[in-house]
Every structure is written in C-alpha cells, then in structure tokens.
Amino acid sequence: MDKTLDLKYTYTEKKDTRSGFGDGLLEAGRRNPNVVGLCADLIGSLKMGAFQKEFPERFFQVGIAEANMIGLAAGMTIGGKIPFTGTFANFSTGRVYDQIRQSVAYSDKNVKICASHAGLTLGEDGATHQILEDVGMMKMLPHMTVINPCDYNQTKAATMAIAEHEGPVYLRFGRPSWPIFTPADQKFEIGKAWKMIEGTDVTIFATGHLVWEAVVAEAMLREEGISAEVINIHTIKPLDEEAIIASVKKTGCAVSAEEHQLNGGLGDSIAQTLIRNNPAPLEYIGVNDSFGESGTPTELLEKYGLNAENIVKAAKKAIARK
Amino acid sequence: MEKQPLAQLTKISSQVRRDILRMVHAVQSGHPGASLGCTEFFVALYFNQMKHDSSFNMDGVGEDLFFLSNGHISPVWYSVLARSGYFSVEEMKTFRKLNSRLQGHPATEEHLPGVRIASGSLGQGLSAAIGAAQVKKLNQDDRLVYVLMGDGEQQEGQVWEAAMYGAHYGVDNLIATIDFNRQQIDGPTKDVMDLKDLKAKWEAFGWEVVETVEGNNMEAVLAGLEKAKSLTGKGKPVLNLLHTEMGYGVDFMVGTHKWHGIAPSDEQLANALGQLEETLGDY
C-alpha cells in the first residue's frame, strides 16, 4: 500500500477477525446465561478457549464430527439455549449443508453457525479449506441470516448482536491478521448497511476483509479525482436494499467486492436488487469460478484480483459504462 | 395424560393402525409399513410412559420429550398425537395435502403441536435428542428424552458420531430406540447393507442396550421401556433395540419391505380395516 494515501479510515493495530468472534462470544456469554458453545476440535483456531474456561459447563467439545455438532446445536435450542457452533467455514457449511437445511433452517432453530478461515485469506492451507461458496449456500436457505463482518471490532460487535437476535444465523469471519479500522464501541445493526464514505461517482459495496480494500481503493480513486462511496455490507441477508438503491441512484454505477465466488455471492444479491429497482452498471470483484491455492493472503488477493488495485480498475470500468 | 392400562393401550393401537391406513389411503402416498410396525411403541410412549402435555410448548420444560428421527413414519406419530389431544383427529384428513400442517415428513414450519424439529433426511434425530437431553441437565430438569430411529438409518454416519458423543458425555437421561424390523426400501437390511450385530456395536460405543424381542406385543414393549428407564441416570445413554415386524396388524402387509412407502387400494384398505377393530371412532 502506498503510504502517502490519504485514507478516510486508518488503523494502529491489526488482529484476526476470529479473535473478535472469541472475545464477542465471551462477552455474550457473560451477558446471557443461555449462550452455549460447541466446537469441533478447533478451540484454539476459533478462539473459543476463553469462553470454555469461564463457562466450562456451557461448552461442548464435539470432536471431529461436524454433522453431529449441528444436530446437537439444533436440539439445544429446545429448552432455551442459544448455541454457537465453531469450526472452519468449509466444515460449517458444505460439509453439513443438509443438517443445517433440515435441523436448523427449516426447523427455524436459534443456532448461530460461526465460521472461521473463510475465503482465500486462509492462506497456505490451500483450496481444500478456502471455501468460496459458503455465502451462496447459506443465503439460499429460508430463515437464515448471513453476516460477514470486516474487522476485529465489527466481528466482536456482530457476535454479541446475533446472541440477541432470534433465529438461525451464519456468521463468517477469517484467519489473517487484518487492520482494525472500525470503532470498538460500534453498534451492530443486523441488516443495516453502513455507509462508511460518501461519494458521488461510483458505489463500492464491500463485505468482510474486502471492506478494507475498498477503503484503500477509495483513497486511490480520490487521488485521480474520482469520488467513490464505500458501503460496508456486513449483512448479506437480509440485504439492505434501500441503502443499495439509494446509493446507486446517486452514483449511477457500482462495484461489489467480496472474498467469495461470483456465483452466489454478495454481487449476485446486489445485481438482483439493482435489476429489479434501478438498473445500473455493476462490476464484480470476487473469485471467478475457480478454486484457490496455497499462498500468503496478500499474494492470493493479488493473484485472484481481489485487492484495492482491482477495485480501482473495476470502479473505472463501471463509471465508463454509465 | 393419564397412564392408560394395558387393555386400553391395545384398543388404542387398533385405532391408530386404522388411522395410519386411512391417512395413507386417502392421499395414496405415505409410509404405512414401519408406521404399523411401531404402533405399540408409540402408543406405549404417549399413553403410558411419557409425562407430556398436549397443550404443547416447544421447550417442554418438566416434560419428557420425543423426537422422531425416521420421519417417514409420520402417520403413526400424527395419529398418536391427535389421539392424545395435540390437535383434532379431524386434521388427519389433511395428511400430505396442500396447506396442511401434517406434512409428508414431520416439520415445525407450519407449527404442528407435538413436533419439535423437522425430520425426514435420515440420521439427524439422535444428535438433536442428545442436545435436548444435555439442556435438560443444564436446566436441572429431570425428565427424559426419547428418540426413535430406523434400523436402515443406522447406515448413516451421523448416527455413530452422535453415539460416540452420547457415551463420552454420559447422556444418561436419554432412551434411543431402534425400530429393528430388518427391512429398508430396497430390501432386507442384510442384503442392502448388513447391520451385523447392532447390539454389540452400540455396546462397543459405550451405551447400555436393552433388547425388546417382541416389539409388537404391548406387554413386552412396556417392559422394555420400563427396563430402559431403570437404566437411566447411571452414567450411560440407553439404547432400546426394538424388534418389530413391518406392516404388523395387517396380514398381507406384515414382514415385507414392499409396504415401506406405498398406499393400499380401496379393496386392500377394506380388507385391512376388516382386520382392525374401530375402537375410538374413525376420524
């Protein structure tokens, strides 16, 4: 990143979003005695150790048995508990899709499916673990809420917010150390998009780690005299259609940015919204129908076209199509 | 629900079998075979064994809970729920029809009283039941959780994940029953995928196993459930291996997988109903 960039949001510390989950879970557990945790042999990776230590009787190590974990969690809602399941995003979704579909979504159970190591930025473990289809799978399920926060603070706030929300939730976060650029005391409103930067020429709708890349892209575009609006879509479902339509009515074009397949991701949801309400040029940043591979998070975002430079290119393309 | 005596349980069973056949016949779809085979078990649970409240609330605090994992045998469950007051017996007329709460496989989406989780895709009920049982412990609720699985369902891997977990955590307020009728859709279980020694398998996984050899004899079913109950609270989950005959109660349906998922014709229904006394009044 060019250090001379005049960023609208800055950071002094980097931290993984999964730590935001772990700290948020601990806080949610302190606030509500009905919060229980389940983990499939990844307590350290999911940062669930502090919750386990403070509430041992409310924590259930499930072993490497994710299907059972989802079923257990669904059953634990009967009697009033609020189960948070923790494993990698791949094993939280694709591996247990039918269990989630029948026992959680169709049964409308108050289960919070918390998924770490999502997307390319998992890094060196490679494509077996870099799930890029999870948002699509989860957003297709009726009753399911889908949330992908952008940094440590937002993930912590989201974790506490979903404990107070009645109904099944998929919470997606990640592994890499990432800039903390949103405030610690933020109020997390499920389903409410957050306009982080006002602009007039193009709207960048970003989710998860790519919100930071969008913030960097805005500064790069501004240097070239282009005014970009940055909207943080932390809740992919239900989608804040009103905010999306209002912004694009003003800017006339948009870019979606996500660490996910183009098929089934946030971009698809935005496209549906725009085509029905306010057709406008839309460019997509995401993985285009391929699996990932081993590498560092930064290398992978560059190779697969998901970083700030690519958002800048997409924004210019969208503007040219107006 | 008051505990019903043996003679009354036998009468109820006859009516439940009529309900099953009439429901499946009316819509020409559904699963009569294992519904008929599990009738004594369901009647014993809902009219004698379980403490339960037909006014129904999802959490079921202070009540025994029942989960049906092999959801395709919904007809027997719906009949027993209706006959014990969860909803009107008239509602059985809507089974599998459009806009019904009595879905082909049990569901919560339409808020049918008595159903706490959807089932149909096999292998998931035991996990949910164990979760509910652990919550009973957390809530210091000393009632039991019951779950029924099919024997063919034992081929699903999730069942064994749950079996391992139940023993690891000593979930001893749970009685899981297997409808051991040795049949599945494509034929006898030993031909489709041999279950071998199920009793030994569950024991090896750390469960107490009760074997109910005569699962269509009401006295034996009650004795098996009492035995299972006596083994709860001792640190291990309990498995009740319930030997039944698919299609029991109707001479041309008994003992074959052929009636797993097909409906009787008008003539077949008349023949079958002729073998089953109408004891509580047809819906």
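The values are calculated or read from the model by the stated rules, or taken from the named source; none is laboratory data. No experiment lies behind these values; they were computed from the predicted model shown. All Cβ positions, glycine included, derive from the backbone under ideal geometry; neighbour counts span all protein chains shown. Note: areas computed on protein heavy atoms with side chains; ligands, DNA, RNA excluded. Shrake-Rupley method; radii C 1.70, N 1.55, O 1.52, S 1.80 Å.
Structure notes:
- Restricting the chymotrypsin sites (Phe, Trp or Tyr not before Pro) of region A:48-83 to loop positions (DSSP other than H, G, I, E, B) with no more than 14 neighbouring Cβ atoms within 10 Å leaves nothing.
- Think of a 1.4 Å ball rolled over the protein heavy atoms: region A:1-85 then has 40 Å² of accessible area per residue.
- Cα centroids of region A:116-176 and region A:195-255: 20 Å apart.
- Fraction of beta bridges assigned by DSSP in region A:29-175 that are antiparallel (%, nearest 5): 0 percent
- Pairs beyond 29 Å (Cα-Cα), from A:112/B:196; A:15/A:317; A:15/A:249; A:8/A:156; A:249/A:317: A:112/B:196; A:15/A:317; A:15/A:249
- Placing +1 on the Cβ of every Lys and Arg and -1 on the Cβ of every Asp and Glu, with no other charges, gives chain A a dipole of roughly 580 debye about its Cα centre.
- Here chain A exposes an accessible surface that is 48 percent carbon and sulfur, computed with a 1.4 Å probe and the other protein chains kept in place.
- Rounded percent of accessible protein surface that carbon and sulfur make up, region B:94-168, 1.4 Å probe: 48 percent
- Cα centre as origin, Lys/Arg/Asp/Glu Cβ charges: region B:6-273 dipole, Debye: 280 debye
- Between residue A:223 and residue A:275, the modelled labels are 3.6 nm apart [label points 7 Å from Cα along Cα→Cβ].
- With contacts taken as Cα pairs under 8 Å and at least 6 residues apart, region A:55-104 reaches a relative contact order of 41 percent.
- Bridgeable lysines around residue B:199 (alpha carbons under 23 Å apart, same-chain partners fewer than 8 residues away excluded): B:190, B:227, B:229, B:234, B:236.
- Solvent-accessible surface of region A:213-322, taken per residue with a 1.4 Å probe and all protein chains present: 41 Å².
- Residues of region A:80-107 whose accessible area, computed with a 1.4 Å probe over protein heavy atoms, drops by at least 30 Å² once all protein chains are present relative to their chain alone are A:81, A:98, A:99, A:102, A:103, A:106, A:107.
- Reported to the nearest whole Å, the Cα centre-to-centre distance from region B:67-112 to region A:91-115 is 24.
- The trypsin sites (Lys or Arg not before Pro) of region A:159-198 meeting both criteria, a DSSP state outside H, G, I, E and B (loop) and at most 16 other C-beta atoms within 10 angstrom of the site's C-beta, are A:187, A:192.
- The relative contact order of region A:194-320 comes to 29 percent, based on Cα pairs under 8 Å that sit 6 or more residues apart.
- Calculated P(r) of the protein assembly as shown - Cα pairs past 40 Å, %: 36 percent
- √(5λ) per eigenvalue of the Cα gyration tensor, region A:14-180, largest first, Å: 21, 19, 15
- Interface B-A: total buried accessible area of about 2300 Å², 1.4 Å probe, protein heavy atoms only.
- 1.4 Å probe, heavy atoms, protein only - residues of region A:64-79 losing at least 50 Å² accessible area vs chain alone: A:68, A:72, A:78, A:79
- For residue A:255, the shell of other residues with beta-carbons less than 12 Å away shows a net charge of -2, using +1 for Lys and Arg and -1 for Asp and Glu.
- In this structure residue A:282 has an accessible area near 20 Å², from a 1.4 Å probe over the protein heavy atoms.
- Legend: calculated FRET efficiency, residue A:125 to residue A:187, from the Cβ-Cβ distance at R0 = 60 Å, rounded to 0.05, equals 0.95.
- Under a model in which nothing but the beta-carbon of Lys, Arg (+1) and Asp, Glu (-1) is charged, the protein assembly as shown shows a dipole of about 720 debye around its Cα centre.
- Rolling a 1.4 Å probe across all protein chains gives residue A:101 an accessible area of roughly 130 Å².
- Using just its DSSP H runs of length 4 or more, each adding -39500 (n - 2.57), the protein assembly as shown gives a mean residue ellipticity at 222 nm of -10500 deg cm²/dmol after division by all residues.
- Label separation (residue A:50 vs residue B:254): 6.5 nm, computed from points 7 Å beyond Cα along the C-beta direction.
- Of the trypsin sites (Lys or Arg not before Pro) found in region B:1-91, those in coil by DSSP whose Cβ has at most 14 other Cβ atoms within 10 Å are B:3, B:51.
- A 1.4 Å probe run over chain B, with the rest of the protein chains in place, finds 37 Å² accessible per residue.
- Here the Debye sum runs over all C-alpha atoms of region B:6-273 as equal scatterers in vacuum, and log10 of I(q)/I(0) at q = 0.12 Å⁻¹ comes out as -0.66.
- Residues along region B:111-150 losing 50 Å² or more of accessible surface when the other protein chains are present rather than the chain by itself (probe 1.4 Å): B:117, B:118, B:124, B:135, B:138
- Multiplying the residue separation of residue B:223 and residue B:282 by 0.36 nm and subtracting their alpha-carbon distance yields 18.3 nm.
- Approximate spin-label separation residue B:200-residue A:140, in nm, with each point projected 7 Å along Cα-to-Cβ: 4.3 nm
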